[in-house]
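*Asks:* Once you've had a glance at the structure underneath, I'll fire off some questions.
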Amino acid sequence: MVQLSKNDWTLFRALKRAKRATIEALSKDASLKTEAVLQSAYLLQTEGLAEIKETIETVYELTAEGVTYADKGLPERQVHDYLLINGPTLLTDLKGIFPAVSIAIGWLKRREWAIIETANGDSVLSPRAADELPEERILQDVKVGIQFTLNDVSVERQVAEPTLKELEKRNVVRAQQIVSREVALTQAGDETPLRASPAADYDIADLTSELIRTGAWRGRLKPYDVSAATLPLYPGKAHPLRRLIDEMREIFISMGFTEFRGPIVESEFHNFDVLFVPQDHPARDEQDTFYLSRPAALELPTELVERVAAAHKFGCEGSVGWGGEFDLERSRRAVLRTHTTGSAFRYLVRHPQPPTMIFGIDRVFRRESMDSTHLPQFHQCEGTIHGEDLSLADLISVLKAVFERLGFDRVRFRPGYFPFTEPSLEGDVFVDGSWLELVGAGVFRPEVTQPLGLKSVLGFSIGIERIAMLKMGLADIRKLYMSDVAWLRDTPSVLR
């Protein structure tokens, strides 16, 4: 006679009645929790009395972006329809009409639905023929707020599968795998009689000190099967991006860096002028930077402003500066910081004696069109080193150590350009067969350091979200900021 616990016999009776049923149906019939049903079902399968069949099905659901596209059409279709009606149109005009025009342009070129020509220095889009897409048919088939499968769309399966994967990459749909289990009675189970008495072979539910001391538990405690499947558990844990930030913070602190913080609302002076960015630089245009109406102006340190203004107008150590006039009113304008470098120099001005190694990880803001690789708000890791006669070799050695601790074995550095560093470099890591840029760095120019009373200063900036995408295997950066409970549960606590 097979030895079973009370729960096992209860489930066995329910299975005798049903012959075949899902875990949820057996849980209701046997008045047991699904966890208990699953545990007993695997025990019955081990004893040859039952068989568990698992079915994994992928279900899809529209994201908020997908809901918009289902209603108004894909961005490339919206722009293409506009071009068909209005004819060739300036790219600058389209930007004022379609918020997602940058996404649309990429797909228009990829699908060859439009060509871009230059006329009088401006880019002009002209439409070409465009057939209906399988993506559009899928969006027409599905309903908002309702999950669907491949069987629910009118597109052929061999076309629907890659199309849905593409839509998932574009953050139009989200996919989730649903595991369903069905328990069926085997021939041996059908032939095994039920006990007349409800008493169980293994009748101990709770192990007590008395049972252990007397040994009365022997033969009455069901063996524990560590290989049996259980329902998944989702303990509380920090957000994956927060865990990465904490990991990077620990790396820099362990290397002897001191953490700094700075204001989110900065003056143009600290955000641009201090870094020797000319006042007519394109990055300072309102198309690239968020400007604030309140406060309308910020107070600045007079003596420091005068030294920085002189560097802009006349340069230093043989340079000629940018020339022209220095607009103090422009320097006072308030912006959402586009980097944390200004905050680093605030710290160095207060602590001017070298050696100093500081880092900061915080949010920065830029006027970016949101897509799979760009966000208007993201995290930046800023590192700054102040010392005597520092060189690019010192900077490279620090960056190699940082990336090695982050788990990137292959790193390369190549020349780069930034207005405030010379020489400058960019650092790439080798991941999945290709090189990806992760860091911009360099030696700050004398026009930056001398007005602040500093000596040799090295600096680097690392995009946190880019590292997160690599470590978490993400194709869409927006995934980091979505309320996707399934993804948050499945992302491991320790990032690779």
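*Asks:* Work out, step by step, the length gained on full extension between residue 51 and residue 349: first 0.36 nm times the residue separation, then minus their alpha carbon distance; give nm to one decimal.
*Replies:* 100.1 nm
*Asks:* For residue 144 and residue 214 in one chain, what is 0.36 nm times their gap in residues minus the Cα-Cα distance, to one decimal in nm? Display every interim value, and only then the final one.
*Replies:* Details: separation 70, 0.36 × 70 = 25.20 nm, distance 6.26 nm.
Between residue 144 and residue 214, full extension yields an extra 18.9 nm.
*Asks:* Which percent of Cα pairs goes in each bin when the distances of segment 298-384 are cut into 10 angstrom slices starting at zero?
*Replies:* Taking every Cα pair in segment 298-384, the percentages come to 14, 32, 38, 16, 1.
*Asks:* Count neighbours as other Cβ atoms within 10 Å of each site's Cβ, and list the trypsin sites (Lys or Arg not before Pro) in segment 1-72 that are DSSP loop with at most 13 such neighbours.
*Replies:* Loop-located and lightly packed - 19, 33.
*Asks:* Treat each spin label as a single point 7 Å out from the Cα along the C-beta direction, and report the residue 291 to residue 310 distance in nm.
*Replies:* In this crude label model, residue 291 to residue 310 measures out at 2.9 nm.
*Asks:* Can you tell me what the convex hull of the Cα atoms of segment 241-490 projects to on average, as an area in nm²? Don't skip to the answer; put the middle values down first.
*Replies:* On the way: hull surface 56.2 nm².
Mean projected area of the Cα convex hull: 14.1 nm².
*Asks:* When Lys and Arg each count +1 and Asp and Glu each count -1, what net charge do the other residues less than 14 Å away from residue 300, Cβ to Cβ, add up to?
*Replies:* Taking every Cβ under 14 Å from that of residue 300, the sum is -3.
*Asks:* Here's a follow-up. Roughly how many Å is it from the Cα centre of segment 235-306 to that of segment 129-144, as a whole number?
*Replies:* Answer, in whole Å: 43.
*Asks:* Which lysines, on any chain, are close to residue 109 with Cα under 22 Å apart, when same-chain ones fewer than 8 places away are left out?
*Replies:* Excluding near neighbours in sequence, the set is 72, 95, 165, 169.
*Asks:* Using just the C-alpha positions of the chain as equal point scatterers, what log10 of I(q)/I(0) does the Debye formula give at each q in 0.07 1/Å?
*Replies:* For the chain, the Cα-only Debye profile gives -0.61.
*Asks:* Evaluated at 10 °C with a viscosity of 1.306 mPa s, what Stokes-Einstein diffusion coefficient in µm²/s does segment 95-173 have when Rh comes from the Kirkwood expression over alpha-carbon pairs? Spell out each step's value before the answer.
*Replies:* Working: Rh = 14.7 Å.
Using the Kirkwood radius from Cα pairs, D works out to 108 µm²/s.
*Asks:* Let me ask something else. How high is the FRET efficiency between residue 242 and residue 409 when r is their beta carbon distance and R₀ equals 22 Å, given to the nearest 0.05?
*Replies:* With R0 = 22 Å, the Cβ-Cβ based efficiency is 0.30.
Bear in mind these aren't lab numbers, they're just calculated from the coordinates by the rules spelled out. What you see is a predicted model, and the numbers here were worked out from it, not measured in a lab. Cβ coordinates were reconstructed from backbone atoms using ideal geometry, including for glycine residues, and neighbour counts include every protein chain displayed.
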